[in-house]
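Here's the structure we're looking at; comments come further down.
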Amino acid sequence: EKFAKAAVQLVHLNLTGCQIGGQGLRLILKALVDGESTENLLRLDLQNNNISLASDSFSYIGHFTNLRALDVSRNCFTLDTSAQAKIFRAGLAPLTSLQILSVAHNKIMDKGCKFVCDIVREHYPQLRILE
């Protein structure tokens with residue numbers, strides 16, 4: 001709780017390479033949400049953290065509605081099932097200010113790549129960089 005209250009003015013959170021996994025992601029983001037520290041966060045770097053779409057942890061990202069840059073590269077995303085696609089969409093849907101999205105170096109493959117392109121085309125005309 002102290003962390004969340006101290007993070008009220010946080011604009012950039014870089015957790016690159018911390019290997020927090022899905023459970024760690026859920027705990028950190030939930031603490032920020034519970035501490036009402038969501039409005040100012042503009043950039044979230046989650047590279048190389050062993051995060052998958054097998055749990056609800058990714059959905060907490062949707063609470064950061066002013067987020068402009070999200071980097072989830074080098075994780076364990078596949079987006080090859082409708083359940084994973086649904087979790088990914090739920091996490092991204094509220095991010096109407098998103099301008100940069102990096103999903104590079106995940107195992108997304110053809111089906112997942114098509115899904116990412118479709119969601120970007122349909123919901124994120126303001127997106128400037130997609131990796």
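The values are calculated or read from the model by the stated rules, or taken from the named source; none is laboratory data. Given the structure is predicted, the values throughout are model-derived calculations rather than measurements. Cβ atoms come from the backbone with ideal geometry, glycine included; neighbour counts cover every protein chain shown.
Here are some notes:
- Index of the failed condition, ASN48 passing every other in (1) in a loop (DSSP other than H, G, I, E, B); (2) at pLDDT 95 or above; (3) crowded, with 19+ Cβ neighbours inside 10 Å: (3)
- Options GLY24, GLY62; residue that is part of a helix (DSSP H, G or I) and farther than 23 Å from LEU130 by Cα: GLY24
- Close pairs from segment 66-85: first buried (at least 21 other Cβ atoms within 10 Å of the Cβ) and outside any loop (DSSP other than H, G, I, E, B), partner among the polar types (S, T, N, Q) and modelled with pLDDT of 95 or more, Cβ under 6 Å, at least 6 apart: ASP71/GLN47; ASP71/SER102
- Answer residue from segment 1-45, given it is modelled with pLDDT of 85 or more and small (Gly, Ala, Ser) and is surrounded by the fewest Cβ atoms within 10 Å (Cβ to Cβ) among those: GLY17
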